[in-house]
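Heads up, the thing below is written out as C-alpha coordinates.
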Amino acid sequence: MDWGRAKSVLIISFLLLNVLLGYQLWLDIREQLNVNVNTAELPQDKILLMQQKRISLDANLPLETPKLGDLTYLLRTESGGTAESVPLDAPVDSKIIFSKSELVKALGSYIPDIDQYVYDSISSSVDVGVLHRAVEGHPMFDAKLLLYISNQKITSYHQDSVELLGMGEAKQVLPATKVVASLIETYLPDGAVIADIQLGYHGQIFDSEKQVSAPSWRVLLENGPPYYVHAISGEVATDETGGEEAGSGQREKGQE
(Lines give C-alpha, C1' and ligand atoms only; values in the text may rest on other atoms or scores of the structure.)
Protein backbone atom coordinates (compact mmCIF):
# COMPACT_ATOMS: atom_id res chain seq x y z
CA MET A 1 0.00 0.00 0.00
CA ASP A 2 1.23 3.49 -0.85
CA TRP A 3 1.01 5.03 2.66
CA GLY A 4 2.14 8.45 1.40
CA ARG A 5 -0.71 8.61 -1.10
CA ALA A 6 -3.24 7.31 1.43
CA LYS A 7 -2.11 9.95 3.91
CA SER A 8 -2.56 12.69 1.30
CA VAL A 9 -6.07 11.45 0.49
CA LEU A 10 -7.00 11.48 4.21
CA ILE A 11 -5.65 15.00 4.67
CA ILE A 12 -7.58 16.29 1.64
CA SER A 13 -10.73 14.54 2.87
CA PHE A 14 -10.43 16.17 6.31
CA LEU A 15 -9.82 19.56 4.69
CA LEU A 16 -12.95 19.21 2.53
CA LEU A 17 -14.97 18.11 5.56
CA ASN A 18 -13.77 21.13 7.53
CA VAL A 19 -14.68 23.45 4.65
CA LEU A 20 -18.16 21.91 4.46
CA LEU A 21 -18.70 22.20 8.21
CA GLY A 22 -17.38 25.75 8.21
CA TYR A 23 -19.77 26.72 5.40
CA GLN A 24 -22.72 25.20 7.25
CA LEU A 25 -21.72 27.06 10.41
CA TRP A 26 -21.52 30.31 8.44
CA LEU A 27 -25.02 29.76 7.03
CA ASP A 28 -26.39 29.10 10.52
CA ILE A 29 -24.71 32.21 11.91
CA ARG A 30 -25.95 34.36 9.02
CA GLU A 31 -29.51 33.09 9.48
CA GLN A 32 -29.33 33.78 13.21
CA LEU A 33 -28.00 37.29 12.59
CA ASN A 34 -30.88 38.01 10.21
CA VAL A 35 -33.37 36.80 12.81
CA ASN A 36 -31.71 38.93 15.49
CA VAL A 37 -31.83 42.05 13.30
CA ASN A 38 -35.59 41.76 12.79
CA THR A 39 -36.56 40.54 16.26
CA ALA A 40 -34.03 42.38 18.43
CA GLU A 41 -36.67 44.74 19.83
CA LEU A 42 -39.21 42.02 20.67
CA PRO A 43 -39.52 40.62 24.22
CA GLN A 44 -37.70 37.33 24.69
CA ASP A 45 -40.90 35.45 25.51
CA LYS A 46 -42.42 36.54 22.19
CA ILE A 47 -39.31 35.37 20.32
CA LEU A 48 -39.65 31.97 21.99
CA LEU A 49 -43.35 31.90 21.08
CA MET A 50 -42.44 32.71 17.47
CA GLN A 51 -40.13 29.71 17.42
CA GLN A 52 -42.81 27.47 18.93
CA LYS A 53 -45.41 28.63 16.37
CA ARG A 54 -42.86 28.65 13.52
CA ILE A 55 -43.62 32.31 12.80
CA SER A 56 -41.05 34.15 10.70
CA LEU A 57 -40.41 37.90 10.70
CA ASP A 58 -39.02 38.81 7.28
CA ALA A 59 -39.72 42.54 7.67
CA ASN A 60 -37.79 45.11 9.66
CA LEU A 61 -39.65 46.53 12.64
CA PRO A 62 -40.22 50.28 12.10
CA LEU A 63 -38.99 52.43 14.97
CA GLU A 64 -41.23 55.46 14.33
CA THR A 65 -43.84 56.40 16.95
CA PRO A 66 -45.22 59.77 15.79
CA LYS A 67 -48.35 61.49 17.03
CA LEU A 68 -51.24 61.01 14.60
CA GLY A 69 -54.99 61.67 14.65
CA ASP A 70 -58.04 60.39 12.77
CA LEU A 71 -58.49 61.71 9.23
CA THR A 72 -61.86 62.93 7.98
CA TYR A 73 -62.03 63.12 4.20
CA LEU A 74 -64.17 62.88 1.09
CA LEU A 75 -63.51 59.79 -1.02
CA ARG A 76 -64.39 59.92 -4.70
CA THR A 77 -63.68 57.31 -7.35
CA GLU A 78 -62.85 58.08 -10.97
CA SER A 79 -64.88 56.27 -13.68
CA GLY A 80 -68.16 57.37 -12.17
CA GLY A 81 -67.83 55.16 -9.11
CA THR A 82 -67.52 51.94 -11.14
CA ALA A 83 -64.72 49.43 -11.24
CA GLU A 84 -63.85 50.38 -14.82
CA SER A 85 -60.45 51.85 -15.54
CA VAL A 86 -59.69 55.05 -17.43
CA PRO A 87 -57.56 54.39 -20.54
CA LEU A 88 -54.52 56.55 -21.22
CA ASP A 89 -54.32 58.34 -24.56
CA ALA A 90 -50.85 56.85 -25.03
CA PRO A 91 -49.38 53.96 -22.96
CA VAL A 92 -46.21 54.75 -21.02
CA ASP A 93 -43.31 52.57 -19.88
CA SER A 94 -44.18 50.77 -16.64
CA LYS A 95 -40.68 51.23 -15.18
CA ILE A 96 -41.52 54.85 -14.33
CA ILE A 97 -43.61 53.51 -11.48
CA PHE A 98 -40.39 53.13 -9.48
CA SER A 99 -39.46 56.81 -9.83
CA LYS A 100 -41.89 59.36 -8.43
CA SER A 101 -40.43 62.22 -10.47
CA GLU A 102 -40.72 60.26 -13.73
CA LEU A 103 -44.22 59.10 -12.80
CA VAL A 104 -45.39 62.66 -12.18
CA LYS A 105 -43.73 63.88 -15.38
CA ALA A 106 -45.31 61.16 -17.53
CA LEU A 107 -48.79 60.96 -15.96
CA GLY A 108 -49.25 64.25 -14.11
CA SER A 109 -51.33 65.70 -16.94
CA TYR A 110 -53.61 62.61 -16.98
CA ILE A 111 -54.05 61.70 -13.33
CA PRO A 112 -55.02 64.41 -10.77
CA ASP A 113 -52.79 64.80 -7.69
CA ILE A 114 -50.58 61.87 -8.68
CA ASP A 115 -47.70 63.52 -6.81
CA GLN A 116 -49.60 62.89 -3.55
CA TYR A 117 -49.63 59.09 -3.98
CA VAL A 118 -46.92 56.70 -2.82
CA TYR A 119 -46.00 53.38 -4.41
CA ASP A 120 -46.81 50.15 -2.55
CA SER A 121 -44.32 47.57 -3.83
CA ILE A 122 -45.67 44.78 -1.59
CA SER A 123 -49.26 45.04 -2.89
CA SER A 124 -48.29 45.57 -6.53
CA SER A 125 -47.95 42.87 -9.18
CA VAL A 126 -46.67 42.61 -12.75
CA ASP A 127 -50.17 43.52 -13.98
CA VAL A 128 -51.18 46.23 -11.51
CA GLY A 129 -49.14 48.91 -9.79
CA VAL A 130 -50.69 49.99 -6.48
CA LEU A 131 -50.23 53.46 -4.99
CA HIS A 132 -51.89 55.02 -1.94
CA ARG A 133 -52.81 58.61 -1.22
CA ALA A 134 -50.37 59.81 1.43
CA VAL A 135 -50.70 62.33 4.25
CA GLU A 136 -47.38 63.61 5.59
CA GLY A 137 -45.70 60.53 4.23
CA HIS A 138 -48.14 58.01 5.69
CA PRO A 139 -50.30 56.07 3.20
CA MET A 140 -54.08 55.90 3.34
CA PHE A 141 -54.53 52.17 2.71
CA ASP A 142 -58.16 52.61 1.58
CA ALA A 143 -57.46 55.33 -1.02
CA LYS A 144 -55.75 53.75 -4.01
CA LEU A 145 -54.44 54.60 -7.42
CA LEU A 146 -54.24 51.47 -9.58
CA LEU A 147 -52.06 51.55 -12.68
CA TYR A 148 -52.92 48.72 -15.07
CA ILE A 149 -49.97 47.25 -16.97
CA SER A 150 -49.91 45.30 -20.22
CA ASN A 151 -46.76 44.32 -22.13
CA GLN A 152 -44.69 46.40 -19.70
CA LYS A 153 -46.75 49.50 -20.51
CA ILE A 154 -49.16 51.41 -18.26
CA THR A 155 -52.34 51.47 -20.32
CA SER A 156 -55.07 52.67 -17.92
CA TYR A 157 -55.74 53.66 -14.32
CA HIS A 158 -58.37 53.65 -11.59
CA GLN A 159 -58.17 56.33 -8.91
CA ASP A 160 -59.70 56.99 -5.52
CA SER A 161 -59.32 60.75 -5.17
CA VAL A 162 -59.28 62.28 -1.71
CA GLU A 163 -60.25 65.67 -0.33
CA LEU A 164 -59.04 66.05 3.25
CA LEU A 165 -61.50 67.74 5.60
CA GLY A 166 -59.57 67.65 8.84
CA MET A 167 -57.54 65.70 11.38
CA GLY A 168 -58.52 64.78 14.92
CA GLU A 169 -56.44 65.14 18.07
CA ALA A 170 -52.97 63.74 17.51
CA LYS A 171 -51.90 61.02 19.92
CA GLN A 172 -48.75 58.92 20.27
CA VAL A 173 -49.01 55.71 18.27
CA LEU A 174 -48.16 52.30 19.63
CA PRO A 175 -44.69 51.03 18.70
CA ALA A 176 -44.52 48.36 16.01
CA THR A 177 -42.88 45.97 18.49
CA LYS A 178 -45.93 46.01 20.74
CA VAL A 179 -48.26 45.52 17.78
CA VAL A 180 -46.31 42.57 16.38
CA ALA A 181 -45.95 40.99 19.83
CA SER A 182 -49.74 41.12 20.28
CA LEU A 183 -50.36 39.57 16.85
CA ILE A 184 -47.87 36.78 17.50
CA GLU A 185 -49.50 35.93 20.81
CA THR A 186 -53.16 36.08 19.78
CA TYR A 187 -53.84 36.25 16.07
CA LEU A 188 -51.14 34.86 13.79
CA PRO A 189 -51.47 31.20 12.77
CA ASP A 190 -48.66 28.67 13.03
CA GLY A 191 -46.18 29.01 10.20
CA ALA A 192 -47.11 32.62 9.38
CA VAL A 193 -44.50 34.74 7.62
CA ILE A 194 -44.66 38.50 8.31
CA ALA A 195 -43.65 40.18 5.04
CA ASP A 196 -44.25 43.88 5.71
CA ILE A 197 -45.13 46.29 8.51
CA GLN A 198 -46.14 49.86 7.74
CA LEU A 199 -47.79 52.77 9.55
CA GLY A 200 -50.62 54.56 7.77
CA TYR A 201 -54.39 55.11 7.92
CA HIS A 202 -57.25 52.62 7.66
CA GLY A 203 -60.98 52.60 8.34
CA GLN A 204 -64.14 50.79 7.40
CA ILE A 205 -65.47 52.24 4.15
CA PHE A 206 -69.12 53.30 4.29
CA ASP A 207 -71.56 53.99 1.46
CA SER A 208 -70.88 57.71 1.64
CA GLU A 209 -68.38 60.20 0.27
CA LYS A 210 -67.43 61.27 3.79
CA GLN A 211 -65.10 58.80 5.50
CA VAL A 212 -62.98 58.55 8.65
CA SER A 213 -59.64 56.79 8.72
CA ALA A 214 -57.65 56.01 11.87
CA PRO A 215 -53.88 55.72 12.35
CA SER A 216 -53.16 52.02 11.81
CA TRP A 217 -50.32 49.59 11.49
CA ARG A 218 -50.74 47.37 8.44
CA VAL A 219 -49.13 43.95 8.87
CA LEU A 220 -48.93 41.89 5.68
CA LEU A 221 -48.34 38.14 5.68
CA GLU A 222 -46.71 36.17 2.89
CA ASN A 223 -50.00 34.28 2.64
CA GLY A 224 -53.32 35.38 4.07
CA PRO A 225 -55.27 38.61 4.57
CA PRO A 226 -53.63 41.80 5.88
CA TYR A 227 -54.00 42.74 9.54
CA TYR A 228 -54.77 46.33 10.49
CA VAL A 229 -53.99 47.30 14.07
CA HIS A 230 -55.42 50.59 15.38
CA ALA A 231 -52.25 52.47 16.26
CA ILE A 232 -53.81 54.11 19.33
CA SER A 233 -56.17 51.53 20.85
CA GLY A 234 -54.50 48.35 19.58
CA GLU A 235 -57.74 46.89 18.18
CA VAL A 236 -57.15 44.45 15.34
CA ALA A 237 -59.05 44.16 12.07
CA THR A 238 -58.55 42.05 8.98
CA ASP A 239 -60.21 41.58 5.60
CA GLU A 240 -60.91 37.91 6.25
CA THR A 241 -64.28 38.25 8.00
CA GLY A 242 -66.75 41.05 8.36
CA GLY A 243 -68.23 43.37 10.82
CA GLU A 244 -67.02 43.44 14.40
CA GLU A 245 -63.87 44.56 16.14
CA ALA A 246 -61.21 41.95 16.71
CA GLY A 247 -60.48 43.44 20.09
CA SER A 248 -63.72 41.83 21.23
CA GLY A 249 -62.69 38.45 19.88
CA GLN A 250 -63.85 39.01 16.30
CA ARG A 251 -62.49 40.98 13.37
CA GLU A 252 -63.95 43.72 11.26
CA LYS A 253 -63.81 43.79 7.53
CA GLY A 254 -61.66 46.40 5.78
CA GLN A 255 -61.51 47.42 2.16
CA GLU A 256 -57.97 46.57 1.10
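Some points to look at:
- Neighbours by Cβ (under 6 Å, 6+ apart or cross-chain): first from the range 217-239, in a loop (DSSP other than H, G, I, E, B); second among the aromatic types (Phe, Trp, Tyr): Ala231/Trp217
- Hey, Val180 out of contact with any Asp or Glu (no Cβ under 6 Å at 6 or more places or on another chain), farther than 16 Å from Pro112 by Cβ and modelled with pLDDT under 95 or not: yes
- Index of the failed condition, Thr241 passing every other in (1) assigned by TED's automatic domain parsing to the domain that holds Ile111; (2) modelled with pLDDT under 90; (3) hydroxyl-bearing (Ser, Thr, Tyr): (1)
- Test: Phe141 is surrounded by fewer than 19 Cβ atoms within 10 Å (Cβ to Cβ), under 20 Å from the mean Cα position of the chain (by Cα) and either at pLDDT below 90 or not polar (S, T, N, Q) (or both): no
- Screening the candidates Leu49, Leu20 for the property of being over 30 Å from Gln211 (Cβ atoms), part of a helix (DSSP H, G or I) and at pLDDT 70 or above yields one hit, Leu49.
- Looking across the range 178-196, the residues that are in a helix (DSSP H, G or I) and either closer than 24 Å to His132 by Cα or of a type in the set (Lys, Arg) (or both) come down to Lys178, Val179, Val180.
- Reported count of residues in the range 52-63, each being surrounded by 11 or more Cβ atoms within 10 Å (Cβ to Cβ) and either assigned to a loop (DSSP other than H, G, I, E, B) or free of Cβ contacts under 8 Å to residues at least 12 places away in the same chain (or both), is 7.
- Any hit, the range 141-157, residues being outside the structural domain of Glu222 (by TED's automatic domain parsing), free of Cβ contacts under 8 Å to residues at least 24 places away in the same chain and in contact with a helix residue (DSSP H, G or I) (Cβ under 7 Å, 6 or more places away or on another chain): no
Residues checked against (1) within 24 Å of the chain's Cα centre (by Cα); (2) surrounded by fewer than 18 Cβ atoms within 10 Å (Cβ to Cβ); (3) in a loop (DSSP other than H, G, I, E, B); (4) among the polar types (S, T, N, Q):
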site	(1), (2), (3), (4)
Glu84	no, yes, yes, no
Glu102	yes, yes, no, no
Ser109	no, yes, yes, yes
Pro112	no, yes, yes, no
Ser123	yes, no, yes, yes
Val126	yes, yes, yes, no
His132	yes, no, no, no
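The values are calculated or read from the model by the stated rules, or taken from the named source; none is laboratory data. Quick caveat: nothing in here was measured; it's all calculated off a predicted structure. Here Cβ is always computed from backbone atoms with ideal geometry, including for glycine, and neighbour counts include all displayed protein chains.
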